[in-house]
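The values are calculated or read from the model by the stated rules, or taken from the named source; none is laboratory data. Since the model is a prediction, treat every value here as computed from it, not as a measurement. FYI the Cβ positions are ideal-geometry reconstructions off the backbone, even for glycines, and counts take in every protein chain you see. Quick note on the areas: whole protein, heavy atoms, side chains included, nothing else; ligands and nucleic acids left out. Shrake-Rupley method; radii C 1.70, N 1.55, O 1.52, S 1.80 Å.
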Amino acid sequence: SHIMSEYVRMTDTERDQIDQDAQIFMRTCADAIHQLRTEAHKGVQSAQVKEHRTAVLDFIEDYLKRVCKLYSEQRAIRVKRVIDKKRL
């Protein structure tokens, strides 16, 4: 109930700022993964090291995609609630 009471007190402006910050953060993470992927194989001779780095980056990228999907679903719920509230 404590969490819900804090949620109720949050203004739409605060929620919008959190959404904006989250989108910037997710974009920054995606850019960082892309940059790491570009630099991951420079100077590496071992095929095993290349495969390992590729697998790790694939895992991180997949995790970010799942986080983004969860964020999008939660945001859609929020938008739906706002629309429903306006209809009333």
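See the values below:
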| read-out | value |
| --- | --- |
| Count of residues meeting criterion [open to solvent by less than 70 Å² (accessible area, probe 1.4 Å) and modelled with pLDDT of 90 or more] in the stretch 61-83 | 7 |
| Residue check for LYS42: among the basic types (Lys, Arg) and outside any helix (DSSP H, G or I) | yes |
| Counted residues, the stretch 37-60 - those being open to solvent by less than 100 Å² (accessible area, probe 1.4 Å) and modelled with pLDDT under 95 | 13 |
| Residue pairs meeting the criteria (Cβ under 8 Å; at least 6 apart or on separate chains; first within 15 Å of LEU36 (Cβ to Cβ), in the stretch 55-80; second surrounded by fewer than 10 Cβ atoms within 10 Å (Cβ to Cβ)) | none |
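Rundown of residues vs (1) charged (D, E, K, R); (2) over 30 Å from ASP12 (Cβ atoms); (3) in contact with a helix residue (DSSP H, G or I) (Cβ under 9 Å, 6 or more places away or on another chain), yes/no style:
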{"residue": "ARG37", "(1), (2), (3)": "yes, yes, yes"}
{"residue": "ALA40", "(1), (2), (3)": "no, yes, yes"}
{"residue": "GLY43", "(1), (2), (3)": "no, yes, no"}
{"residue": "LYS50", "(1), (2), (3)": "yes, yes, no"}
{"residue": "ALA55", "(1), (2), (3)": "no, yes, no"}
{"residue": "CYS68", "(1), (2), (3)": "no, no, yes"}
{"residue": "GLN74", "(1), (2), (3)": "no, no, no"}
{"residue": "LYS86", "(1), (2), (3)": "yes, no, no"}
